[in-house]
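Inspection log for the structure reproduced underneath, given as structure tokens.
The values are calculated or read from the model by the stated rules, or taken from the named source; none is laboratory data. The structure presented is a predicted model; accordingly, all values stated were derived computationally and were not measured. Neighbour counts run over all protein chains shown; Cβ positions are idealised from the backbone, glycine included. For accessibility, only protein heavy atoms count, side chains too; no ligands or nucleic acids. Shrake-Rupley method; radii C 1.70, N 1.55, O 1.52, S 1.80 Å.
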Amino acid sequence: QVQLVESGGGLVQSGGSLRLSCTASGLDLNKYVIGWFRQTPGKGREEREGVSCISGSGGDPYYEDYVKGRFTVSRRGNTVYLDMRNLKPEETATYYCAADRRNLHLQTLCMQGTRPDSLNFWGQGTQVTVSS
């Protein structure tokens, strides 16, 4: 059974940092592309925005402009990490990871938050709250 489990969310002050983890079981991440997405309060499932995406087979990750320079995505074994620094209150959201078996261009993967059913697997999400 395939599972993606996010962890590491919590409450942090504006300007603070958090590390999120996405641990996969039942699949070999070497064969997947993995994305981090977030769903802000009041927005629906099909309004998730991409944050950062990475290929399990290696190569440079992709970052959306609004997190570039502040967020770093990495992978170790079957866990993908999202290191977030200088967090802003408007980044309060539920953060999700997703994995897909297709060899998607990473920028394309990061756009799939508006089409969540197009991706193979999603985690249950972890809440990040940034206080002002």
Practice item. Identify the single condition in (1) touching a Leu at 6+ places or on another chain (Cβ under 9 Å); (2) hydrophobic (A, V, I, L, M, F, W, C); (3) open to solvent by 40 Å² or more (accessible area, probe 1.4 Å) that Cys97 does not satisfy, given that it satisfies every other one. Key: (3)
Review point. Inside the stretch 66-80, can you point out the residues that are within 12 Å of the chain's Cα centre (by Cα) and open to solvent by less than 50 Å² (accessible area, probe 1.4 Å)?
Key: Val67, Phe71, Val73, Ser74, Thr79, Val80
Study note, to complete from the structure: Reported set for the stretch 100-129 where residues are open to solvent by less than 10 Å² (accessible area, probe 1.4 Å) and over 15 Å from Ala24 (Cβ atoms) is Leu109, Cys110, Gly113, Pro116, Val128
**Study point:** Flag for Arg48 being open to solvent by 50 Å² or more (accessible area, probe 1.4 Å), closer than 22 Å to Gln124 by Cβ and touching a residue at least 40 places away in the same chain (Cβ under 8 Å)
**Key:** no
Check your understanding: Could you count how many residues in the stretch 1-24 are of a type in the set (S, T, N, Q) and open to solvent by less than 50 Å² (accessible area, probe 1.4 Å)?
Key -> 1
